[in-house]
Structure formats: structure tokens, C-alpha cells
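The values are calculated or read from the model by the stated rules, or taken from the named source; none is laboratory data. A quick note: this is a predicted structure, and the numbers were derived from the prediction, not measured. Note that each Cβ is placed from the backbone with ideal geometry, even for glycine, and that neighbours are counted across all protein chains shown. Quick note on the areas: whole protein, heavy atoms, side chains included, nothing else; ligands and nucleic acids left out. Shrake-Rupley method; radii C 1.70, N 1.55, O 1.52, S 1.80 Å.
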Amino acid sequence: RPTQPEALRGPDLRHRPGMSSIDAGAPMCRQGGAGGMIFPLGFDAEFSWPDAVRGFIYAVAMVYWFLGVAIIADMFMAAIETVTSRRRKSVRPGGRVATVRVWNETVATLTLMALGSSAPEIFLSVIDIVKKDFHFGALGPSTIVGSAAFNLLVIIAVCIWVIPAGETRVIKNLPAFYITAAFSIAAYVWMAIILQVSSPDIVELWEAAMTFLMLPILVGVSYKTDLGDADALLRRLHVISEEVCKETVANPHGFVSFSCERLDVTGTEAGLTIDVVVLRRKVLSALSPISCLYRTEAVTAVPGYDFEEAEGVVDFAEGETETTLSVTIPGKARRPVDLEFLVVLQDVEGGAAFDPEDDGGEDEAILTVTIGRHGGDAGGATRLLHRVCSPDGLRLAWSDWRDQMASTIFVNGSLEEQREAGAADWAMHVFALPWKVTIGMMPPTSLAGGWACFFASLLGIAVLTTCISDLAELFGCVLGIPDIVTAVTFVALGTSMPDLFASKCAAAKDEWADASIVNVTGSNSVNVFLGIGVPWTISAIYWTIVGATDEWKAKYPNFIDGHPEGAFIVRSGDLAFSVIVFTLCSVVALAVIHIRRVKFGGELGGPYLAKAMSFVVMASLWVFYIALSVWKVSNQSSTLGDQAFAIFIGVCILENVMLVVGVGLYFLKGRKSPEHVQLKDLEAAAQVPSDIVGLSAVRSPPHAAEVGAALPRPPTFTAGYASASSMPPGFRQTTPKWGVPSPYVETFYGMRLQDRVSDIMAAQGQVISLSTAGWVCVAVKRWRSTLHRSRFRSASDRLQVAGQAAFSEQAPPTITREPSFHSINDAVSPALTPRPCQAATSVAGRVANIVGTSAVEWAAMSAAGLAAVQLVDPEGAASFLGGRVS
């Protein structure tokens, strides 16, 4: 049996007498070559240019076409958002009608959204197969793998880095992350199996079909998990906790809702304005000010013709339980059918929430407004026309289309913006004008529910991707670069660059990390299932039907005996090695992401050193993947042992790089013991609502205006400030001003807690303020996440022993009235007396022990301090807060 390189080499297609240049297999970049589907354009002069010049031109053209794909992809995503935002009515189990999305969020994310972000790579793979008459081409599949590597390793590394030091972003939908991550690993493991194990160098029909069918399996599993069918299993696997699965039954600040879930009005020729009543119900505490956003949303009614679009803020003043907002319905002579639109409340602030039992659930509140038909009866054909294709909807789409085309002419989209545009704006406008004109000619998203724009954008991406495919092959041809190297570097970067900027912005702005991480793992899975499954299934079906043609036999003579009826042949050597290396890198990257969640409390961001090391690890893995892929292409005769040894050498180099970078960052940033507490970490750990007296803000007492700046302040108010006088009077913000030197903070944060406790133990009868307890509570919470459990228990034991020894010699401290507004006017020394045999087994227990034994005046404000004082003296705390304790 011939060796694998000989089997894949194929027949000798060098030029022989009687053969044309095309028959002889002349390269596409040379005169007489077959060329691509669009490029080269066929000018004879092009073939006479120097290869270096042609390579530069093709590279610049690729960049320009990548820009066009990015611009059209934005339009494509806008169409997808319009399609997936449609709503419908659904009957709940209890018989109540609820408004839900037509597209389930999970299904939409893994199908349309993934298609939108991966469309260039998928089209490139399909086009590569079609261009080569259903023979295998390395450009498409290698771009799929290279793009997945860039997405997982580089994009997530950038997202980790852009989060400010000390802040974190955590994945909210953890089951979706684990499912998509598992399927993404399984997808590439399956690719390696079918290329190297199941049927080496041949992709059979069942293998290709199974690759494609993994997509509906992924969607089905994710959908069932989203519905809660797998909650029991996920709890056993500790993916979700019991608390996550429980419904919120009460909120002390109440629920915001409409007075009714449905409002029926009759349209008139003169128009009308309706007042929508918004209520605040089920309040268990004092009525503090709250607010939420509202907006209107079309269902069957057409904005601008059947209702006026509106958005704004609904405010509830202190003590207020009811307010109204206005919606205008324009006058029309006739409405032949009933029309609906929604008024939606979202993003409530101030501690309140939306009632899970109302329409919209806990995320929003929804009011359905129905405009009754008027102006005389209409025939059945007229009513059907209005339901299928509303004339007002067509007018709106045509108006949007005119505006869309006009915006492409002006710099920054309008004449007013153009008057203020600078030279850079003009240059970018002229550079991208052809693509802007293309966008302007596409149907707007308001036409046909967004589907017209969806298919037009899809067609535009397909055409531009065809051009990129030709340019990439020409670029590699003239410079002698193999297709797989071009694919995993230039093409993969070009197709993934828009995702990089989008994910970077999402990581910085979003509260959660889902848009940066879960979208990547989901997109990588869909890339394989569609970008590999679809073209390979088509090719396998084609060769199953067509059979072994003369051209096939000439191309693959060494496979005739084993497959006399023909088969889809895949040159798997370089591709399989690239897939295996990427799979190894993926496992390491996903492990890093998981460890970051456990150690630093979030997948993105974190302390500076951890963030920097995570970035370096992920970026180095991408370099590791690229280097090994290029090495394999350059060493076609390498054996399995050579490949394993190359991976081992790469791992050793990667390990040493990590060691050098880690040591450099360690000394560059300075040594930081985990027992040292940092103010940013403590402040982030508190997570106190803004309407509670504590960490975020504290109001001065009524007599503050009379006393003015002379009012004494405890040292806690100098945290993060140069001095107490640098803070604004009246309303005291305790959020530190970073960058302003504070000697007190610098002195304290350089000490260990037990050393600090030892230093102040000699003090007798010190004043304990609310900030004292708050500081200890936050510090303990921080310690629990940074120190090993055994190490923390040891430190806690030492603190308790030191405190008990101090109390044996000194009188217990008391809380007295000091000339500062955040002290307590009650003596609670009996309550603060510690019990020597009582173990501190919780945060509250440790707080009580430490506060009771140390009597420290520490620099931080936190609402956790209120909880600690309430623990030892509920009546005094309630009196101080005016009865508002929750």
C-alpha cells in the first residue's frame, strides 16, 4: 500500500506535449490558469506585474473587502435583531395570556445570531467546495478552525484585559456556557476522528451528515435546559444552586406594574391620547424614590401611523404609589382591522422589581394596547391584505428606505453631522462610500418584518466572501504561501476582526460576560456544524450520486481500489494536525476561564496580575497554535512521532514564556500578599444598593449647614481623599477618588490585619462607628475568596485568641455619641462582650467577634456595618435608621 503522502499526491499533472496550460494544472495566478469565480479579472497586464506588487495589491484588496463584509454584516445583524424581536401571545398553564418572543432567546442565539457572526466563514467554506467542483479545498475548513482559534483565544484575552483592574464580569447563563463549550470541544474532536480514525482521508456521507445534525442536537439540548428541564441534573453537578432555582416571592421595595395587562381603545378620526397608569405594589418598607424606563413596541400596529413611538423614564417620588405616562394614537379615517402595540417597562432602579406573575415576568412589565377597528366594515380580502401586508407598513418601509439611501451620501449620516465632520471623517466616508451605497440599496429592516433585509444581506455577504476567497488564493499563489497558512492567519483575522471590536465593547459595557464568552463558544460550535457539515455533506452526496468519474480517477488513482464508486476525498494531514492542536489549546483556555471564575469571582477582569497573566496565557496559546500549524505545513514528511515531539517542544516553550512573563509582572507590579486588603476589592465586594445608608452615600445631619466644614469627622472619611476638607459638603460621597494620595489609607493597607489588631489592643473604651463594623465585614468577605480555607481558619483563630486575651485585662468598649452623624447614641457594652467558647463559623459571627474584641476605627463605609450593629443592638440600630431596617 502506498504511503499517505504518495496517496494524496495524485497523478503527475506537469505540462506534457498536447496538453493545454489549464489541463496541466497551471496555477490560478498565472496566465492560462483556471482562475477563481471572480478574480483575476483577466487582464493580461496583471500577470506581468511583479509577484511582490501583486501580493501587496491582493492584500490591500482583501482588507477592503473585509471592510465591506463588516459593514454588510452590521446590516445583517440588525435584520436578525428585528426578526428575533417579534412577540406573540402564549397561554400559561393557569390560563393567563402572556407576551413572549416568537424566537426563543437560546434558539435565536445558536441559529440566527450565530449565523450572523459566522456567515463569512461559513460562506467561505461552501464557496471553496463549489469552486473546486466539490473536491476538498483547504481554504474553507482552515478558515473555520483559524477563526475559532482567534475567537476563543484572542478575543476572550482582549475582553479579559479591557475590564478595569479590580472589576469582574461573570457569566450569568452558566448552563449555556458549559453546554456550548462542551459542544465546541466535541465538534473539533469529532473532526479529528473522522479525518484520522474513522475513515482516514475520506469523509463518508454519514460522517458529514452527523456533523451537520449536531447543530439541531445542540439547539435542542440548549432549549430544554433553558426551559428548566435539566435543573435537577445541573444542581447535582453544582452548575446551578438551589437559590438560583427558587422564585422571588417578595421584595421590600415593592413591584412595579401596570394597573392592567390589557387596554382596549377605539380609534378615532381626530386621534386621542391615553393615560397609562403605572403602580407600585406589595411594598414592605418605606416608599423610597424609584424609577424605570418605558418604551412602545409595535406588534401589528405601525409606528407613526397607528401610534406615536415614545420612550422615557417613569419616576416614583418618595411616598408615591401611582403615576401615569401618556401614549398618543394618531387620527385615521379608517382602520379595517384591530391593531396591537405594547408599552414596555424595563430597567427598574431604586431596589424595586417587576412582579414575576405579571405579563413580562421579572425582567419587564408589558401592557398590550388594542386599537379597535373603525370607519366602517371592510371585506374579508381587505382585512387579509392588512394582516399580511399593511399599506401603512409599506409606507413606513419606503420612508425608511429613502432615509437610508440619503444617509449614505452625507458624512456621518446627515447634513448636520457633515458640517461638523473633520478630515478623518471625510477620508473614512470616501473610503467606505461604495459599501455605504451598497447598504443604502438594501431593503430596510422595517420591510417584511426584517426578512427582506435578512436575505439581501445574506446575498451580499455571499458575493463579497466569494471575492475574498479568490483574493486569498491569489495572494497565497503569487507569494508561495499554502492555503492553510493564509486561512489560519490573514483570512481568519479578517473575518473575525468585527467580532473582536463588538466583543470588546460588550465586555466593557455589559454587566455580564455572556456576550463576550458564551457567544464565542456558541459561534465556534456553529462554525463546524454549518461551515464544515453543510459543504462536506453536499460533496459527499455529490460523489455518491455521480460516482467515480474519469476526472476523479485521474485525481485520486490510489483510492480507486478501495472506493471504485467514488468518494469525497479530504487531504487530512495538515488540517487534522491543526484541529488537534486547536483542541488542546481550547481545553487549556476553557480551564483558564473556569479557574478565573473560581479564584477571582469572574471570567473577565480581576486583579491586575491575574488579568495580565490570563491575557498572556490566552494570546500565547494562539501563537502556539499558529506556529505549530505553519510548522506542519512546512514539514509534509513529518511522522506521527515528529508531530508529537513538536507539540511537546511547543508546550515547553510556552511554559517558559509564562514563567518569564509571570516573574516580570510580579516584580513590575510589586509583591502583593493575599493577606493585604485592597480598597477596590473591598468596595466591590460590598455590593450595597444605592438607597441604603452605607457604602455608596451618606447624608449629613440637619445641622450640617450650621456647623459647616468644622464638623469633626472620624478617620473613615479620609479614605481615598487627601483630607476630609477635600470632600464636598452637604451630601458626602464615600466612593474614593482614585489617584488622590491618602497617607492614612496607604499606611493602613500596608499592614496585615493581625498586626493592626495587635497595635490597637491597648486602647480602652474606643468609639466603634458603623464604618468600623462595615470594614471588618467586607474584609472578612474578601479574605474568604483570596485565602486558602485552612490558612484563613488559622488567622481567624489567632484573632479570636488575641481578642479574648485583651478582654481579660481591659474593660469592654462602648458605642458613644460623637460629633459625627454616623455614630450610635446607645451604650451596648453588654451585647459586645464576647463568649470565649463561641466559634465564629460565619461571616456574621466573625464580624461580631472581631468588632467586640478589637474596637477598631477603620477606614471604610459599608451598609454591612448596619447589619453588624443591628446584630448586637437591634433597637438602637432601628432608632438610628428611623425604623427603616431590612
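Descriptive notes on the structure:
- Taking Cβ atoms as reference points and 13 Å as the exclusive limit, the residues near Ile38 contribute a net charge of -1, counting Lys and Arg as +1 and Asp and Glu as -1.
- Entry comment: accessible area of the stretch 271-368 is 42 Å² per residue, from protein heavy atoms only and a probe of 1.4 Å.
- The residues of the stretch 85-199 have, on average, 34 Å² of accessible surface per residue, using a 1.4 Å probe with all protein chains present.
- Computed label-point distance, nm, for sites Ala182 and Ala462 using a 7 Å Cα→Cβ extension: 3.6
- Extending 7 Å from the Cα toward the beta-carbon at both Arg88 and Tyr608 defines two label points whose distance is 5.4 nm.
- For the residues His429, His238, His253, His594, a 1.4 Å probe over the protein chains yields an accessible-area ranking, largest first, of His238, His594, His253, His429.
- The Cα-based radius of gyration of the stretch 475-592, divided by its Kirkwood radius, gives an Rg/Rh of 1.09.
- Here, the stretch 358-459 has an Rg and a Dmax of 19.8, 59 Å when only alpha carbons are counted.
- Cα gyration tensor, the stretch 104-167 - rounded (a/c under 1.5), prolate or oblate: oblate
- The stretch 409-505: GluC sites (Glu not before Pro) in DSSP loop, at most 15 other beta carbons within 10 Å: Glu420
- Spatial extent of the stretch 534-683: Rg and Dmax, with the Cα atoms as the point set, Å: 23.6, 75
- For the stretch 167-304, the normalised intensity computed at q = 0.09 Å⁻¹ comes to -0.62 (log10 of I(q)/I(0), Debye sum over alpha carbons, equal scatterers, no solvent).
- Assuming charge only on the beta carbon of Lys and Arg (+1) and of Asp and Glu (-1), the dipole of the stretch 270-417 about its Cα centre is about 940 debye to the nearest 20.
- Projected label points at Asp229 and Arg295, each 7 Å from Cα along the beta carbon direction, are separated by 3.2 nanometres.
- Cα gyration tensor shape for the stretch 166-209, rounded if a/c is under 1.5, else prolate or oblate: prolate
- Cross-linked pairs Lys172/Lys504; Lys436/Lys504; Lys89/Lys509; Lys89/Lys332; Lys172/Lys599; Lys172/Lys509: Cα-Cα separations exceed 22 Å for Lys436/Lys504; Lys89/Lys509; Lys89/Lys332.
- Net charge of Cβ neighbours under 12 Å - reference Glu269; Lys, Arg +1; Asp, Glu -1: +3
- Each Lys or Arg adds one and each Asp or Glu subtracts one; over the other residues with Cβ under 10 Å from the Cβ of Gly140, this totals -1.
- Cα-centred dipole magnitude for the stretch 36-141, charges only on beta-carbon of K, R (+1) and D, E (-1), debye, nearest 20: 1120
- Kirkwood hydrodynamic radius of the stretch 311-405, Cα pairs, Å: 16.9
- Gyration tensor verdict on the stretch 414-549 (Cα atoms; rounded if a/c is under 1.5, prolate if a/b is larger than b/c, oblate otherwise): prolate
- Residues His594 and Ile560, FRET efficiency given R0 of 41 Å [Cβ-Cβ distance, rounded to 0.05]: 0.25
- Amide H to amide H distances under 5 Å link Leu287 with Gly319, where only residues 5 or more positions off or on other chains count and H is placed in the peptide plane.
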